[in-house]
Amino acid sequence: MDSPVQISDAQLVTQCLSGHEDGWRTFVDRFRTPVWHIAFRFAATPDDADELTQDVFVRLVNVLPSYRPSGALGAWVRQVATNVAIDAYRRRRRTPLLVSDEEMPEAPVPTAWQPDAIAERREEAARIRALVDRMPPELSEPLILRDLMDCDYPEIAERLDIPLGTVKSRIHRARQTLARARRTLGRGGSVRIGGGGGR
């Protein structure tokens, strides 16, 4: 059976704004996986990622009229998804799952998605999550955007509404803090993150 011809982003947006149900179904099918992967990094569990993905698409329904076709639709969707994920992270103070793209499970993820092959990596991820969660948000948020979401510095500055120099210094401090904490844990010591020392 021949696959249907894929409509352009501009045609898809026009269909969605016209209220076509098929248009919205295509929109969700086209962007579900990248949105879910963003949600998974921030939510840290598949169930939470599913819920956050739904929140993202609710937001997209509301803000799609503001989309301007001068930019790529996929990039715009990912930006909206990241903004929603950041808001959820700030509300819940959940730490994103530190996994590489190669280790990212397929979306949607079945209940027993976790293979034994990455069990050890997940244990390490849990330790890092605990460390990042103890950082103040002004350090953890730019670190997440840079090292997990691969955002560049100007984009982080725009999303967090802080100067570019502040972004760079906070990411540097966050990486140093995380490295010190991991070294301390490796020696069996206790870890204290955050609080003072923000010079």
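The values are calculated or read from the model by the stated rules, or taken from the named source; none is laboratory data. For clarity, every value in this text was computed on a predicted model and none was experimentally measured. We place every Cβ from the backbone using ideal geometry, glycine too, and count neighbours over all the protein chains shown.
So here's what we get for this one:
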item: Sole exception among (1) over 22 Å from ARG146 (Cα atoms); (2) of a type in the set (Asp, Glu); (3) modelled with pLDDT of 65 or more for ASP87, by number; result: (1)
item: Hits in region 39-56 (condition: over 11 Å from ALA85 (Cβ atoms) and of a type in the set (S, T, N, Q)); result: THR45, GLN54
item: Candidate set: region 15-70, residues that are among the polar types (S, T, N, Q) and outside any helix (DSSP H, G or I); chosen: the one surrounded by the most Cβ atoms within 10 Å (Cβ to Cβ); result: THR45
item: Boolean, ASP147 is farther than 19 Å from ALA43 by Cα and either at pLDDT 85 or above or outside the structural domain of ASP87 (by TED's automatic domain parsing) (or both); result: no
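Listed here are the residues, each with its yes/no results for (1) surrounded by fewer than 18 Cβ atoms within 10 Å (Cβ to Cβ); (2) polar (S, T, N, Q); (3) in contact (Cβ under 8 Å) with a residue 60 or more places away in the chain.
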position: LEU131; (1), (2), (3): no, no, yes
position: SER140; (1), (2), (3): no, yes, no
position: ASP150; (1), (2), (3): yes, no, no
position: GLU155; (1), (2), (3): yes, no, no
position: ASP161; (1), (2), (3): yes, no, no
position: SER169; (1), (2), (3): yes, yes, no
position: ARG173; (1), (2), (3): no, no, no
